[in-house]
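Colleague: I have a structure here, written as structure tokens, and I will follow up with some questions on it.
The values are calculated or read from the model by the stated rules, or taken from the named source; none is laboratory data. Remember, predicted model here, so these are calculated numbers, not experimental data. Heads up, the Cβs are rebuilt from the backbone with ideal geometry, glycines too, and the neighbour counts pull from every protein chain shown.
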Amino acid sequence: MVQPLRDHGAAPARAGRPVYEIAGLSKTYARNQLVALEGVELTLRQGEFVSVVGSSGCGKSTLLKIMAGLIPPTTGRVVLEGQPVLGPRADIGMMFQQATLLPWKTTLENVVLPIGIRQGRAAAAAARARAKALLDLVGLKDFADVYPGELSGGMAQRASICRMLVTEPAVLLLDEPFSALDELTRDFMNMELQRICAETRATAFLVTHSLAEAVILSDRILVMRARPGRVIEEVVIDLPRPRTLEMINTAEFGRYVGHIRDLLGQEAAQ
Amino acid sequence: MTDAVQTTVWVEREALIDRIPRWAAMLGLFLAFVLIWDLVTRAGWVSPIILPTPRETLDDLIFVGQNLLSGDYMLAALWTTTRTAAYAFLISAAIGFSLGVLVGETKFGERAVLPYLVAIDTMPKIAFAPLFIAWLGFGIESKVALAAFIATFPIVVATAAGLSASSENERMLFRTMGAGRMQTLFQLKLPNGLPYIFTGLKIATVGVMAGVITGEFLGGGKGMGALIRQSASQMNTPRVFALILYLSLLGLGLYFLVAWAQRRLVFWNRSGLTGPGAG
């Protein structure tokens, strides 16, 4: 038997007011009667970092797409900053597995792209100073005028972090952002992400396959299971911040990872 | 020698023929070709009306070259053909691009327009030449129309393919940024499609030249095609060869103009996809 390490829903003390609220969320695909999500309840609080882990097909990508306003839910409340999410919004920042920078635009032009799309060329030009400050924050100051073809994979993802942050979104949705990078770069980028989230007081929601990545970054982890896609447990990670890579070797870290692995393993055994 | 250290040099073994430098290989092949040509014609195995000697051909090349440089009637013919090809290329680019966007960007275009385009494309388009002459007369208009007709289809197909070349991630990114259809088209799909569109334009240059010369063969006029036909009817085979060689320079010029524009515009993608001459 797997014992929950903590009671469900015990929010850490540092979390603030609710930013993103989801209640009674379900998603059914009419085409093949597939229940992708059922009864999902989730509240993201200001400054919180929440991850979701689960096997393929557990609905975590569907959940993220609904939260991004890319697809509609079948039932349930999806509310960001008091406003129902009815489509893509400027206050939702998103990051994908691939950096997806446009190769015909410089790094800086890529970073201000969301501003240009939403508010036009003049606003994009006005945002250049802010974009430069963001590039400085991720250590790409000297690469502002370089084309993405000359950036490494890690640098490209750092630029895409800036592109996500430039609209000052209320929530960051991260879809396995570093899974295409090699392991060393990935560890480094995770520490960078933690620092950037702390400096910008960001509220973040991460989808990942890596249990270690989820534990090192998160305040809470939602463990999901498939058929139907649902949250089976919410694991609160009570490790001190800032987290360091050395923590991976501690017994406590190992217990968290082991606990989540057991939860997911029950499904695999079924 | 009592040297204890053995040094080995790793030698990449290439076949002898692959070790010839490019310039020498090209020149050698050319000289071999001319030598065989010379032997065949000198020995009298082939009638000089069918195949002139290299010497005669060179003389005519020089003659035609002098005529062109002195601004004589051949230059006027070359200019007529150049203008015809240029108009045809611009028209086919404009129509081909527009139809390509219609087919690639709208369901209507894909469902309703594309089948008809494919049906027309499978026809032997040269066969339309008499129709264009009947409709538009013996001036350059009928030649422009035939050449543009032939050259349009590869641009349609390439443009439509280019518009669908953007990745799922890129489309999702634009959706999350709240981009409208026109923004996605102009800021994502078209730039991504440019390498494809240029490939279509390069194929179109070949079609344009074929169309223009066919039109001039069949519809007369004052272009190079008419000169070639005249010389052929006079059994002046060396002149035909010379005119074809100068004409091919026109086709090459058009092709490299497109390749140059591609290098300027698609600066981020200098490799792959683009065929010969893309560098």
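Colleague: Given segment A:113-157, what helices (runs of 4 or more DSSP H) lie entirely inside it while holding 2 or more residues that are within 13 Å of another protein chain (Cβ to nearest Cβ) and crowded, with 18+ Cβ neighbours inside 10 Å?
Modeller: A:113-119
Colleague: Just one of A:Arg241, A:Arg255, A:Arg225, A:Arg261 is touching a strand residue (DSSP E or B) at 6+ places or on another chain (Cβ under 8 Å) and more than 14 Å from A:Val50 (Cβ to Cβ); which is it?
Modeller: A:Arg225
For (1) free of Cβ contacts under 8 Å to residues at least 12 places away in the same chain; (2) under 30 Å from A:Thr100 (Cβ atoms); (3) touching a Pro at 6+ places or on another chain (Cβ under 7 Å), each residue gets a yes or a no:
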| residue | (1), (2), (3) |
| --- | --- |
| B:Ala151 | no, no, no |
| B:Leu190 | no, yes, no |
| B:Gly200 | no, yes, yes |
| B:Ser233 | yes, no, no |
| B:Arg239 | no, no, no |
| B:Ser248 | yes, no, no |
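Colleague: Right, here's the next one. Cβ-Cβ under 8 Å, sequence separation 6+ or interchain: first residue in segment A:113-129 and closer than 16 Å to A:Asp91 by Cβ and of a type outside the set (A, V, I, L, M, F, W, C), partner part of a helix (DSSP H, G or I) and at pLDDT 90 or above. Which pairs?
Modeller: Hits for this filter: A:Pro114/A:Arg163.
Colleague: Name the one entry in B:Val144, B:Val156 that is away from chain A (no Cβ under 14 Å), at pLDDT 95 or above, buried (at least 18 other Cβ atoms within 10 Å of the Cβ) and closer than 26 Å to B:Leu78 by Cα.
Modeller: B:Val144
Colleague: On to the next question. If we scan segment A:88-102, do we find a residue that is under 22 Å from A:Met189 (Cα atoms), more than 14 Å from every other protein chain (Cβ to nearest Cβ) and surrounded by 21 or more Cβ atoms within 10 Å (Cβ to Cβ)?
Modeller: no
Colleague: Identify the single condition in (1) in contact (Cβ under 8 Å) with a residue 40 or more places away in the chain; (2) under 22 Å from B:Leu243 (Cα atoms); (3) assigned to a helix (DSSP H, G or I) that B:Gly100 does not satisfy, given that it satisfies every other one.
Modeller: Of the numbered conditions (1) in contact (Cβ under 8 Å) with a residue 40 or more places away in the chain; (2) under 22 Å from B:Leu243 (Cα atoms); (3) assigned to a helix (DSSP H, G or I), the odd one out for B:Gly100 is (2).
Colleague: Suppose we filter segment B:40-69 for residues that are of a type outside the set (A, V, I, L, M), in contact (Cβ under 8 Å) with a residue 12 or more places away in the chain and not in a helix (DSSP H, G or I); how many remain?
Modeller: 3
Colleague: Consider A:Val171 against the criteria (1) more than 16 Å from the chain's Cα centre (by Cα); (2) over 30 Å from A:Asn249 (Cβ atoms): it satisfies all of them except one. Which criterion is unmet?
Modeller: (1)
Colleague: Here is a further query. Please work out if B:Arg264 is of a type outside the set (A, V, I, L, M, F, W, C), at pLDDT below 95 and buried (at least 19 other Cβ atoms within 10 Å of the Cβ).
Modeller: no
Colleague: Now for a different question. Regarding A:Asp145, is this residue modelled with pLDDT of 90 or more, acidic (Asp, Glu) and closer than 22 Å to A:Ile221 by Cβ?
Modeller: no
Colleague: Name the single residue that is farthest from A:Leu64 (Cα to Cα) among those in segment A:230-270 being within 23 Å of the chain's Cα centre (by Cα), free of Cβ contacts under 8 Å to residues at least 40 places away in the same chain and loosely packed, with under 12 Cβ neighbours inside 10 Å.
Modeller: A:Glu246
Colleague: Does segment A:73-86 contain any residue that is in a loop (DSSP other than H, G, I, E, B), at the interface with chain B (Cβ under 9 Å from one of its Cβ atoms) and closer than 14 Å to A:Pro169 by Cβ?
Modeller: Checking segment A:73-86: not a single residue is in a loop (DSSP other than H, G, I, E, B), at the interface with chain B (Cβ under 9 Å from one of its Cβ atoms) and closer than 14 Å to A:Pro169 by Cβ.
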